[in-house]
């Protein structure tokens, strides 16, 4: 991936969310309560799928290290901190794996 592709995708994501906030009406309280609960289970589903390869084998140790690091800081409820911890865990496991 090139940097321009990443920048383009980031802008597209931001623009779609910003336009939705500006032009869509505020949801009703029951719908809003349901939407507040969706991101957690959705990300948990993505994480669970990433722990097993298509052949049914366990994922590489670096991926497991990323999950563990992200779980350790999950109580902060900060997406930036959780993603940063996951990236740090993955990077540390890759460096350690390259040394041995």
- Message: For segment 62-100, which positions are farther than 22 Å from residue 39 by Cα and either modelled with pLDDT under 90 or exposed (fewer than 13 other Cβ atoms within 10 Å of the Cβ) (or both)?
- Response: 95, 96, 97, 98, 99, 100
- Message: I need the full set of residues from segment 69-99 which are within 15 Å of residue 40 (Cα to Cα), in contact (Cβ under 8 Å) with a residue 12 or more places away in the chain and touching a helix residue (DSSP H, G or I) at 6+ places or on another chain (Cβ under 7 Å), in order please.
- Response: 70, 73, 82
- Check 48, 44, 66 and return the single one that is touching a helix residue (DSSP H, G or I) at 6+ places or on another chain (Cβ under 8 Å) and not in a loop (DSSP other than H, G, I, E, B). 66
- Considering segment 21-39 alone, what residues qualify as being assigned to a helix (DSSP H, G or I) and under 21 Å from the mean Cα position of the chain (by Cα)? 34, 35, 36, 37, 39
- Task: Determine whether residue 54 is assigned by TED's automatic domain parsing to the domain that holds residue 90 and surrounded by fewer than 10 Cβ atoms within 10 Å (Cβ to Cβ).
- Result: yes
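The values are calculated or read from the model by the stated rules, or taken from the named source; none is laboratory data. The model shown is predicted, which means the values in this text are computed figures rather than measured ones. Don't worry about glycine lacking a Cβ; one is built from the backbone with ideal geometry, like all the others, and counts go over all protein chains shown.
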